[in-house]
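These notes concern the structure reproduced below.
The values are calculated or read from the model by the stated rules, or taken from the named source; none is laboratory data. Being a predicted model, the structure only gives us computed values, none of them experimental. Glycine also receives a Cβ, built like all others from the backbone with ideal geometry; neighbour counts cover every protein chain displayed.
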Amino acid sequence: MMRIVIIGNSGGGKSVLARRLAPTLQVPCIEIDSILWLRGWQLAPPADYDREHDRLVAQDSWIIEGLGTRGSVPQRLERATHIILIDMPLWMHFWLAAERHVEWMSGQLGHPPAGNLQPAPLKGLFRTIADVDRDWMPEIRRLANAEETRGKQVFRLATFEELNSFVLPGPVGE
C-alpha cells in the first residue's frame, strides 16, 4: 500500500505529476483543491474540509496532491509512506502559474484546479505563492525532514527537469 503526498507551492506541477504517477502506481489520485474549494473559488466550510480530508487520508492507498489547509499538512505527511516535496525557486512557481493561467484563459487547460471553469485572479494567486513561500514552506520542509528521520522516503524536486523526469518505483511488476 502506497500513500504518497505531493506537496509544494502553487503552480509547481503537483497535479500534473500526480496524474502522471497514479496509473503507473495503481493508486487513486486525490486533488486536495477539490475538497478545499467550491465553485467560484469559495472556500469550503472548514468542518466539511476537515471531515473529507480525514476520510481520504484514512484510506489504504492514494496520491494526495496539493496544499489544503495549513493545519491538515502534518496529518497527511504523518500518514504518507512517501513524500514528494516540490521545492523549486519562487520565480519558477510564478512562471508556471502564469503559463497555466494563459492556458486556462484560452480554454486549453485540460484539468482546471477544483474543476473551476474560471481561473483564480492572477494577482491573488501570485500573492498566495509569495505568502506560501515565506510562511508555509519552511514548516513543510521541517515536517518533511522529520518524516524522513522517521524512515519515510522523501524526494525533493528542485528543478523543472527533476519534476518532468521523476519516476517513483511502485507495485507494477512486483
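Looking across the range 1-40, the residues that are touching a Ser or Thr at 6+ places or on another chain (Cβ under 9 Å) and of a type in the set (D, E, K, R) come down to Arg3, Glu31, Asp33.
Is it the case, given these coordinates, that Arg20 is within 22 Å of Arg127 (Cα to Cα) and surrounded by fewer than 20 Cβ atoms within 10 Å (Cβ to Cβ)? Taking the combined requirement at face value, the residue does not satisfy it.
In the range 123-144, the residues that are over 16 Å from Ala97 (Cβ atoms) form Cβ pairs under 8 Å with partners that are among the aliphatic types (A, V, I, L, M) and not in a helix (DSSP H, G or I), at six or more places apart or across chains, as follows: Ile140/Ile7; Ile140/Leu85; Arg141/Leu85; Ala144/Ile7; Ala144/Ile83; Ala144/Leu85; Ala144/Val154.
Among the residues of the range 1-45, those that are aliphatic (A, V, I, L, M), under 21 Å from Glu148 (Cβ atoms) and within 10 Å of the chain's Cα centre (by Cα) comprise Val5, Ile6, Ile7, Leu17, Ala18.
Can you spot a residue in the range 144-160 that is buried (at least 16 other Cβ atoms within 10 Å of the Cβ), at pLDDT below 90 and within 20 Å of Trp62 (Cα to Cα)? Checking the range 144-160: not a single residue is buried (at least 16 other Cβ atoms within 10 Å of the Cβ), at pLDDT below 90 and within 20 Å of Trp62 (Cα to Cα). For the range 55-110, the candidate set comprises residues that are among the aromatic types (Phe, Trp, Tyr) and under 20 Å from Ile129 (Cα atoms); within that set, the residue that is modelled with the lowest pLDDT is Trp104. Scanning the range 1-32 for residues that are basic (Lys, Arg) and either touching a Cys at 6+ places or on another chain (Cβ under 7 Å) or in a helix (DSSP H, G or I) (or both) turns up Lys14, Arg19, Arg20.
Restricting Pro121, Pro113 to residues that are in contact with a Gly (Cβ under 9 Å, 6 or more places away or on another chain) and at pLDDT below 95 narrows the list to Pro113. Exactly one residue out of Arg55, Arg70 is exposed (fewer than 14 other Cβ atoms within 10 Å of the Cβ) and under 13 Å from the mean Cα position of the chain (by Cα): that is Arg70. Go through the residues of the range 100-117 one by one and say whether even a single one is surrounded by 15 or more Cβ atoms within 10 Å (Cβ to Cβ) and closer than 24 Å to Asn145 by Cβ. Checking the range 100-117: not a single residue is surrounded by 15 or more Cβ atoms within 10 Å (Cβ to Cβ) and closer than 24 Å to Asn145 by Cβ.
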